[in-house]
Amino acid sequence: MGLFNKVGLLSKKDEKLISDPLSDNNPITVQVLGICSALAITAELEASVVMSVSVLFVMGVGNVVISMIRNIVPSKIRIIVQLTVIATLVIIVDLVLKAFAYELSKTLSVFIGLIITNCIIMGRFEAFALGNGLWRSFLDGIGNAFGYAVILVIVGFFRELLGSGTLWGFAVLGDPIDKTYLYALGYENNGFMLLSPMALIVVGIIIWVQRARSKHLIEE
């Protein structure tokens, strides 16, 4: 991130908007938000990546829109307006998926819709976009979306690899049909990894590793 500062693209404060959610202020492992999607769609790496990109689009564009209209929306209806903005962006994402990745859209259809109630997005609208300009709101949106995406991709990677022996649908630990090579490696697919509770366990391990590395994150 220091490279952007050296070439004058981002100030140090702007850099922190992107770097903090990737480490010490991660929305999942530190703020403990957005856990539902980590449990629901991370059995496959592809689904994890698509959900991450979808949230990146909604948060990046949504933060900018809320920042643009923050001075003209009455405070009494701001939540309704925020939900309307999110719903509109989610509909766009859903239509794009149906047009270009129909099979995957059927798998993610319910969960894409649940982006509307994702507390990370509403939290950033309330905590940041309502009080900051377009550029910083955009950086905050994509920073938190990247922080969310990193955890989803890590969880999806290990769940699919250890649960199905594949990555992105391609055999890695052996042929899913002919398991001769798989057994030769001394590993057999662990179906438990594909169950939702295992996603919570993997997230818990990530949280434990993060706090072991960053002692200041441990609550007294």
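Every read-out reported here was derived from the displayed coordinates using simple, explicitly stated rules and does not represent laboratory data. Please read all numbers here as calculations on a predicted model, not as lab measurements. In this analysis, Cβ positions are derived from the backbone assuming ideal geometry, glycine residues included, and neighbour counts consider all displayed protein chains.
If R0 is taken as 22 Å, the Cβ-Cβ distance between residue 87 and residue 196 corresponds to a FRET efficiency of 0.30.
The dipole here belongs to the chain: it is taken about the Cα centre, uses +1 on the Cβ of Lys and Arg and -1 on the Cβ of Asp and Glu, and is about 780 debye.
The label point for residue 73 and the one for residue 53, both projected 7 Å from the Cα toward the Cβ, are 2.7 nm apart. Scoring 94-100, 15-21 by mean Cβ neighbours within 10 Å over their residues and listing the highest first yields 15-21, 94-100. Compared with the direct C-alpha span, the chain from residue 13 to residue 110 gains 31.2 nm at full extension, assuming 0.36 nm per residue.
With each label modelled as a point 7 angstrom along the Cα→C-beta vector, the residue 101-residue 210 pair spans 2.3 nm.
At each listed q (0.16 Å⁻¹), what is the log10 of I(q)/I(0) that the Debye formula gives for the range 27-162 modelled as equal alpha-carbon point scatterers? For the range 27-162 at q = 0.16 Å⁻¹, log10 I(q)/I(0) is -0.77. For the chain, the membrane-span-like helices by this rule, meaning whole DSSP H stretches whose C-alpha atoms cover at least 15 Å of axis and whose Kyte-Doolittle mean is 0.0 or above, are 45-69, 78-100, 102-113, 134-164, 196-213; this says nothing about an actual membrane.
Which residue, chosen from 158, 195, 29, occupies the Cα position most advanced towards the positive end of the dipole of the chain, where the dipole is computed from +1 (Lys, Arg) and -1 (Asp, Glu) charges on Cβ about the Cα centre? My answer, from the dipole projection, is 29. Cβ-Cβ distance of residue 170 and residue 20, R₀ of 25 Å, FRET efficiency by 1/(1 + (r/R0)^6): the value works out to about 0.15.
Protection proxy ranking of 38-51, 191-204, by the mean of other Cβ atoms within 10 Å over each peptide's residues and highest first, is 38-51, 191-204.
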